[in-house]
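Participant: So that we are looking at the same thing, I have put the structure below in structure tokens.
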Amino acid sequence: MRIPYSWLKDYVDVELEPAALAERLTMAGLEVDRVEYPWPGIVTAEIIWQERIPGSDHLWATRVSVGPGTEELSVVCGAPNIQPHDKVPLARVGAKVGDMTIGEKRAMGVLSQGMLCSPHELGLSDDHSGIYILPPETPLGVPLGQLLGGAVLDLDIKAHRGDLFCLVGIAREVSAFTDKPLRQPEVAVREKGTAVGKLMRLDVRDTDLCPRYTARVVQGITIGPSPRWMADRLLAAGMRPINNVVDVTNYVMLELGQPLHAFDYDKVTDHTIIVRRAVPGERITTLDGVERALTSEMLLITDPAGPMVIAGIFGGSRVEVSDETTSLLLEAAHFAPTNIRRTAQALGLRTESSGRFEKNPDIALTAPALDRAARLITELAGGTIAPGWVDVYPTPVTPRQLTFHLSQVEWLTGMRVTPSEATAVLRGLGFGVEEAPSDGSAVVLRLTIPTWRGDVEESADVVEEITRILGFDRIPSTLPVGALPTPNHDPWYEREDAVRELLLGAGLTEVITYPLTSRPAMARLLRGAMPGEELQLTAPAAVAELTAPADGTHTASHGRAQDRRQIEAVAERLPAIILRNPGSSEMDALRLTLMSGLLSVVRENSKHEDAGLWFFELGRRYLPTPGLSAGAELAHERRTLGVALTGPRARDWLGDARDADFFDLKGAAQTLLSALKASAYRFVPATHPTFHPGRCALLEVRPVAEEREAAQATTSSTAALAEAREQTGWVPVGILGEVHPEVAARFDLPGRTYLMELDLERLFLGVPDRVRYQPIARFPAAQRDLAVVVDRQAPAGEIAAAIWAGGGALVRSVQLFDVYTGEGIPPDKKSLAYALIYQSPERTLTEAEIEAAHAAVVKALAERFGATPRA
């Protein structure tokens, strides 16, 4: 809410400077974001030297100063009224004067480093005959807007204070804490002619959505531009002047907080206003020329010919005020705030009017706002006001009563307040205050709460009003007493913090995305190539093997239109939880996955950053709870880790930069799992519609309990342990791989991108609560390297498991350190090199024992994979 400082002074005598007033308002609970001044870049200056430019009959070369110790500036000026030592407004280089941006230039060979401004150029008057000469005592270097009092306070008003979305509401607050009287706008009108009840009819059919509707008629007006003072005030408040009638309705809305609408009286069919719900399928063309479809939940202002206005939101073009309008039908109404918000959201229309109706303005404002508007219109556009109103108000609101014990102030805040102080504050805010009978031990007040203060419901609210107006600084500082509450231990806080620290240490950057998204945004992850793939996003670890139809009907999309239709079809099938009243169509569903948000972050950051984008997010996915009906859905929240990599991480010590690949992503997962001491895990080839075929893996872990049982059952044999591991269950944790090119194109990704999404709740099934001590081996270990040639499709993890099983109890470590394809290796083969460590906890191994174990490993690999040792 923009409040022009000079306009505010019409309603209350403000002695505080704008900056001080902003501070006081903020401390009273009305947060001021900033104080703006007009004419940015224009400051006060003094002409130090002046001389006629040779060859010119009107141009002066001047030197001006903006204060002691500053550099003098050269300015060329053609005004005849300047003299040395005049104080003048100087537009510095970069300032805007009207539509012109000031820059350095030369005039007849003389450098000009700014411009001296006339009253016309500053918008102060039509006088452009000379420079605006400031008083001699004007300080130098001061912004002109600050000097001339043109400040605008930009307030961040909260939704529960609908009474503050107007100048009178802010003035009332200022009046309360400065003890200055509040001046209400003049609303008295002179009426003449035929009574309004004979000039129009009003039929309010849906009073649940329109509890009050008031109308007036003004005849014999002349449409024209608004006077300068009104146009300037509207511009300062952030509204564009249009004509004297429309500007008056906007002016009164800003002044009193009551939105108004003006109809061309002669265009309203039968001079009859009907307030009703829209008929399904009904349409209206609004003032912006857009035809809008309506639903039966939307309220309309109509006449017998059809819709005229979407109630409380936007006017229609059929009955708008034009240059030929001579008679007006003025409307001021009160609409149900929830309905206004839902209609505005559904239509994608947010206006000054709808924003105020959503905050539930004072229902008692309609009549005085109409009178104020009618008075101003006759002053600015002429005409006569028809006697009376038409006012449909079936259930008048009466002010609420509240009994308030003054001792509540000290009990809640520790601040001592006298009855006179409390009474002055509350009366200053518009409350009715009477002293109620009491037993003499405490002061009791009977309060009448004004109709515009719907937020005041109980005594605690009254305490807040008294405290904020008198000043929070009066609350005494005291140390808390009593025992501290026992802190709640949340293991997930520590777990997520550990994951965060590990990934930050691995060179990734944490990002946070919104949990709200849209189904089409998530559907872009699914290529629509396989039936049922939308279920991929709803499992705790969303991975499944899917098979494309044999007839090939579900193939890669061709063309943007087909791709868009495919996304829409998949989006309709996504079982996401949908918001009933979303703030935006792009944020109408709870996310099923973190991946779409991460890809959007990659896309946006790639526009501004050439380096690698290595991101992670710790967040929650919101899955539908099984067994509940669609109308009673509850979110099943899953703690989730998402990782996205693209581009180079950093240059190495040789200065080379390598783009991220699948193994960087896998390495990040392995770093995390190793640091968390995961009991056992494996990567299994998988398919997923989001990922590139053949470049996607499923991460599985073994729960700690099963791993411990397998180890206890086979403590004497590593081979038996490996066999037991294969027999016990693996839990899928998540998916990782390279983003499919079609998905990457949908998200406009700059290059190859890699994604990983892990369900943390499943991941930590394989993480021990405590790390257990293992004694250091007393006997030496022996290392052997083994390179074998196997089929290209043979998984390295399965080969490692076979090495563990073949080597028996003597194998202590298996580490893959090289993968080679190329010269000397058949095209359908690859070479895998492993570093093996043999060790016994009981004795030093002999060479014969090591060779026997090594030979057993080679044999096991040959029997299972047809592996041959590579020389």
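The values are calculated or read from the model by the stated rules, or taken from the named source; none is laboratory data. Values in this document were obtained by computation on a predicted structure and should not be read as measured data. Counting neighbours? That spans all protein chains shown, and the Cβs are built from the backbone with ideal geometry, glycine included. Accessible surface is based on the protein model in full, side chains and every heavy atom, while ligands, DNA and RNA are left aside. Shrake-Rupley method; radii C 1.70, N 1.55, O 1.52, S 1.80 Å.
Participant: How much accessible area per residue does segment 412-506 have, counting only protein heavy atoms and a probe of 1.4 Å, in square angstrom?
Facilitator: 60 Å²
Participant: Got a sec to turn the phi values of segment 351-364 into Karplus ³J(HN,Hα) couplings, 6.51 cos²θ - 1.76 cosθ + 1.60 with θ = phi - 60°, whole Hz, x for Gly and Pro?
Facilitator: Along segment 351-364, the couplings run 10, 4, 5, 4, x, 6, 5, 5, 8, 6, x, 5, 5, 7 Hz.
Participant: Would you mind working out the magnitude of the charge dipole of the chain relative to its Cα centre, with +1 at each Lys and Arg C-beta and -1 at each Asp and Glu C-beta, to the nearest 20 Debye?
Facilitator: I would put it at about 1180 debye.
Participant: Here's another thing I want to ask about it. Fully extended, how many nm does the chain gain between ASP818 and ALA20 (0.36 nm per residue separation, minus their Cα-Cα distance)?
Facilitator: Fully extending the segment from ASP818 to ALA20 adds 280.2 nm.
Participant: So, one more: Excluding ligands, DNA and RNA, what is the solvent-accessible area per residue of segment 197-308 at a probe of 1.4 Å, expressed in Å²?
Facilitator: Value for segment 197-308: 39 Å² per residue.
Participant: What number comes out for accessible area per residue over segment 577-624 if the probe is 1.4 Å? Units Å², please.
Facilitator: I get 43 Å² per residue for this part.
Participant: In addition: Taking the DSSP beta bridges in the chain as the whole, what percent of them are antiparallel, to the nearest 5?
Facilitator: Bridges in the chain are about 95 percent antiparallel.
Participant: In segment 431-474, which GluC sites (Glu not before Pro) fall in coil by DSSP and have 12 or fewer other Cβ atoms within 10 Å?
Facilitator: Counting only loop positions with at most 12 other Cβ atoms within 10 Å, the GluC sites (Glu not before Pro) in segment 431-474 are GLU457, GLU458.
Participant: Of ASN81, GLY98, GLY69, which is farthest on the positive side of the dipole of segment 63-138, counting Cα position, with +1 on Lys and Arg Cβ, -1 on Asp and Glu Cβ, and the Cα centre as origin?
Facilitator: My answer, from the dipole projection, is GLY69.
Participant: Shifting gears a bit: For LEU202, which sequence-distant residues (separation of 5 or more, or a different chain) have an amide H within less than 5 Å of its own amide H, given hydrogens modelled in the peptide plane?
Facilitator: Under 5 Å from the amide H of LEU202: ILE273.
Participant: Please list MET108, MET298, MET587 from largest to smallest accessible area, probe radius 1.4 Å, with all protein chains kept in place.
Facilitator: Listed by decreasing accessible area, they come as MET108, MET587, MET298.
Participant: Follow-up question, since we're still on this one. Local charge sum around MET415 (other residues, Cβ-Cβ under 15 Å, Lys/Arg +1, Asp/Glu -1)?
Facilitator: Net charge around MET415: -2.
Participant: Fully extended, how many nm does the chain gain between GLU761 and SER129 (0.36 nm per residue separation, minus their Cα-Cα distance)?
Facilitator: Fully extending the segment from GLU761 to SER129 adds 219.8 nm.
Participant: Rounded to a whole number, what % of the accessible area of segment 200-313 do carbon and sulfur atoms account for, probe 1.4 Å?
Facilitator: 50 percent
Participant: Report, to the nearest 10°, how far helix 796-807 tilts away from the longest principal axis of the Cα atoms in the chain, using its own Cα long axis and a range of 0 to 90°.
Facilitator: Around 40 degrees separate the two axes.
Participant: Under 5 Å between amide hydrogens, which residues at least 5 positions from TYR132 or on another chain qualify, with H placed 1.01 Å from N in the peptide plane?
Facilitator: CYS117, SER118
Participant: Next up: How charged is the neighbourhood of SER125? Take every other residue with its Cβ under 14 Å from the Cβ of SER125, and add Lys/Arg as +1 and Asp/Glu as -1.
Facilitator: -3
Participant: Would segment 745-854 count as rounded, prolate or oblate if I go by the C-alpha gyration tensor, calling it rounded below 1.5 in a/c and otherwise prolate when a/b exceeds b/c, oblate otherwise?
Facilitator: oblate
Participant: Shape verdict for segment 268-376, please, from the Cα gyration tensor: rounded (a/c under 1.5), prolate (a/b greater than b/c) or oblate.
Facilitator: Oblate shape, in that a/c is at least 1.5 and b/c is the bigger or equal ratio.
Participant: Next up: Expressed as a whole percentage, what fraction of the accessible surface of segment 1-69 belongs to carbon and sulfur atoms when a 1.4 Å probe is rolled over the protein heavy atoms?
Facilitator: 53 percent
Participant: Going by the alpha-carbon gyration tensor, a ≥ b ≥ c the square roots of its eigenvalues, is segment 164-211 rounded (a/c under 1.5) or, if a/c is not under 1.5, prolate (a/b greater than b/c) versus oblate?
Facilitator: Because a/c hits 1.5 or more and a/b fails to exceed b/c, segment 164-211 counts as oblate.
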